[in-house]
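The values are calculated or read from the model by the stated rules, or taken from the named source; none is laboratory data. Note that the structure is predicted; figures quoted are calculated from it, not measured. Positions of Cβ are generated from backbone atoms using ideal geometry, with glycine treated the same way; all protein chains shown enter the neighbour counts.
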Amino acid sequence: MRILLIEDDRGLGSAVRDQISAEGHTPDWVETLADARACTDTVDYDLILLDLALPDGNGIDFLRALRTRRATNPVIIMTARDRITDRIAGLNAGADDYLVKPVDLAELSARIGAVARRYKGNPNPLIELGDLAIDLAARSITGASGAIDLSQREWVIFEVLLQRPGAIVAKSQIEERLYSFDAEVESNTIEVYVSRLRKKLGHDAIETVRGMGYRLGRA
Amino acid sequence: MIAPETVRSRSLRRDLALGLGFGLAVLWLLGMLGAGLVLKREIDEVFDASLQETAERILPIAVIELINSDIVGPARRVSPVGPMDEYMKYVVRGGDGAILLYSHQARLDSFAVPLATGFHTIADHRIFVLTAVSGAYQIEVAEPLDHRREVLMRTELAMLVPLAILIPFSLLGIAWFVGRSLRPVAALSKEVRGRGASELSPLQTRGLQTELLPIRNAVNQLMARLKRAMESERSFTANAAHELRTPVASTLAQTQRLIAEVPPGPLRLRAQTIEAELRRLARLSEKLLQLSRAEGGGVLAEDPQDLAPILAMVVQDFGRAGQGERLRLSLPEGGTTPARMDPDAFAILARNLIENALTHGDPAQPIDISLARDASLSVTNACPVIPADALSRLTTRFERAGARTAGSGLGLAIVASIARGAGARLALLSPAPGRADGFAAQVSPVPSQPANGRRT
């Protein structure tokens, strides 16, 4: 998932960014609301992690503005404000979850997964796709011949296709999920990873729609 | 700090009514006494004048009678005109003092000695003495004092009877008037008495007299200052929470990343130890901040609140954090009766009770969280029965149900402090009601009515 992390504390921000990356997501980390607005104007994030007390404003205002323009990105507030009234205000403003610092990184990962699944209309982390049994929460796939190991980038691409079963996903959309702003995009990277996924999951697992993109083959 | 009154205080209304009534009665009686003295003097003057006039009228007639009769001998008695009680008695003496003539009921032994001219009071009689013909004749007219006393008594009684009837009515009137005049004071007193420990909204009592208005205004100004101070304190606590949480969160997150990134071995073990200590620090600082909020006031809401959605959200939080499996929540349909407890304070209270149940309850048994229509909260968990002496110490800071349990030892102290501040009743029961074991914590906030007192 492409995740926007808005956090002005560098110690916490870098740790959360690393955690998100280690979980196989693609984080963009910004420290101000101005930068966050610039990001959301150009990228459709799968999830936004939002601190409330930021140097240039209140995260709640940013969230309200986001919802006012009908953006449906899942938002998890991650803040030091622990009052129930703050929590109510955050959820009323359109947040999907509200975490009070200090946040356990494992719990943060679990909440990110839960919110993302809820948004995709399938809160159940277990999906069956042909012979494949997929556990989104555990990030594991079991095929007819046993467990299948995917690399982090392979998983990201497969997850993007899983989010839209049967639909064509453009190469650029996959690239957007795979890379953050500070990573370089190589021209044939997507093709290389799709090829590896086919070897691991079966040749028909992913179809190439020439000139348009890719889609799951056994939906 | 001023110690509370230990003896029964005096009632202003009672003191005023009794004081005014007693004072009025005493003044009336003093007035009566003065009037009685004046009356007695006036009556004496009237009777003395009458006595004198009688003497002056009888003496010339008696002298003529004595001269004309020219009889020498024993004293003569004047016969009455008809049967009658003689009111005034008299004797007429000659120049030598011998009684020559006396009225028919006059007792001569009462006139044994001749008296000098003028008024005399002798043997319960008022006597007037008058001489004529250069002292050759003297008349002594006597009137019993009983008659004067009877007249005085009757007159005074005629004045006293209406007064005696009026005094009880006056006392009732005074009591009614004092009560009516002090009604605004009673209303103000009732409003102040009904205040909870944390209620700082201005006093609203209307119709106060000029003397009371400055008191109400001063109290309102004092409460406004106190409210500002408490809001400032709350703001500081909130900022302190933020300032404390962020570095703890950052350090904890960095440590967790370190644990994830270093290979298994002594370094990871050390990082895990640091992580555990950081978690403990985070929990403890969280509890101390909660205790600070609970004891700093502001736990009583100005406007009554429906507590059901707050409790639902607190329980939902536990669910999101993966601790919701054992929680069984029961909420009243249509919400609770609005209770005057601050939503944040109630959330802290409920969270601590649930954490307490999760920490100390049987991990295999459910925890029942129930909010009644009257906003009473009950959290019940299964556990061995807690002895009564241990139960009574649970709201003491850093007191744990078991020495080896993981709790901070502050949870129930925070709950007790919030309950106390909100004027709510906290009951800790073991065994839990309706069962042979377990522990139940019950908090009954004040529903919509102002807090009447602080019972914990």
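Would you please list the contacts, defined by Cβ atoms under 9 Å and residues six or more apart or on different chains, that run from a residue in region B:409-429 that is in the same structural domain as B:Ala357 (by TED's automatic domain parsing) and outside any loop (DSSP other than H, G, I, E, B) to a residue that is buried (at least 24 other Cβ atoms within 10 Å of the Cβ) and aromatic (Phe, Trp, Tyr)? Note: pairs meeting the criteria are B:Ile418/B:Phe346; B:Leu428/B:Phe439; B:Leu429/B:Phe439.
Residue by residue through region B:107-151, note down the ones that are of a type in the set (Gly, Ala, Ser) and either closer than 27 Å to B:Leu37 by Cα or not assigned by TED's automatic domain parsing to the domain that holds B:Val91 (or both). Across region B:107-151, the qualifying residues are B:Gly118, B:Ala123, B:Ala142.
The requirement of being in contact with a Pro (Cβ under 7 Å, 6 or more places away or on another chain) and either at pLDDT below 85 or small (Gly, Ala, Ser) (or both) is satisfied by B:Ala422. Could you run through region A:78-98 and say how many residues are among the aliphatic types (A, V, I, L, M), under 19 Å from B:Glu286 (Cα atoms) and at pLDDT 90 or above? The number of residues fulfilling the criteria is 1.
Condition check for B:Glu302 on (1) within 14 Å of chain A (Cβ to nearest Cβ); (2) surrounded by fewer than 17 Cβ atoms within 10 Å (Cβ to Cβ); (3) assigned to a helix (DSSP H, G or I); (4) of a type in the set (D, E, K, R): one failure, at (3). Pairs are defined by a Cβ separation below 6 Å, a sequence spacing of at least 6 or placement on different chains, a first member in region A:198-211 that is surrounded by 15 or more Cβ atoms within 10 Å (Cβ to Cβ), and a second member that is of a type in the set (A, V, I, L, M, F, W, C) and outside any helix (DSSP H, G or I); the pairs so defined are A:Arg198/A:Ile206; A:Lys200/A:Ile148.
Can you find a residue that is over 20 Å from the mean Cα position of the chain (by Cα), more than 13 Å from chain B (Cβ to nearest Cβ) and surrounded by fewer than 20 Cβ atoms within 10 Å (Cβ to Cβ) anywhere in region A:68-86? The answer is yes; a qualifying residue exists.
The residue of region B:111-127 that is surrounded by the fewest Cβ atoms within 10 Å (Cβ to Cβ), among those that are closer than 17 Å to B:Ala98 by Cα and not aliphatic (A, V, I, L, M), is B:Thr117.
Can you run down the residue pairs with Cβ atoms below 9 Å, 6 or more apart or on separate chains, where the first is in region B:251-270 and in the same structural domain as B:Ala282 (by TED's automatic domain parsing) and free of Cβ contacts under 8 Å to residues at least 12 places away in the same chain and the partner is in a helix (DSSP H, G or I) and of a type in the set (S, T, N, Q)? The qualifying pairs are B:Ala253/A:Ser14; B:Ala253/A:Gln19; B:Gln254/A:Ser14; B:Arg257/A:Ser14; B:Arg257/A:Gln19; B:Ala260/A:Gln19. Could you run through region B:36-70 and say how many residues are surrounded by 14 or more Cβ atoms within 10 Å (Cβ to Cβ) and under 52 Å from the mean Cα position of the chain (by Cα)? The total comes to 4. Filtered by the rule that a residue be part of a strand (DSSP E or B) and away from chain B (no Cβ under 14 Å), region A:7-58 gives A:Thr26, A:Asp28, A:Val30, A:Leu47, A:Ile48, A:Leu50, A:Gly57. Among the residues of region B:218-235, is there at least one that is without any contact (Cβ under 8 Å) to a residue 12 or more places away in the chain, closer than 30 Å to B:Leu281 by Cα, surrounded by fewer than 15 Cβ atoms within 10 Å (Cβ to Cβ) and within 14 Å of chain A (Cβ to nearest Cβ)? There is at least one residue in region B:218-235 that is without any contact (Cβ under 8 Å) to a residue 12 or more places away in the chain, closer than 30 Å to B:Leu281 by Cα, surrounded by fewer than 15 Cβ atoms within 10 Å (Cβ to Cβ) and within 14 Å of chain A (Cβ to nearest Cβ).
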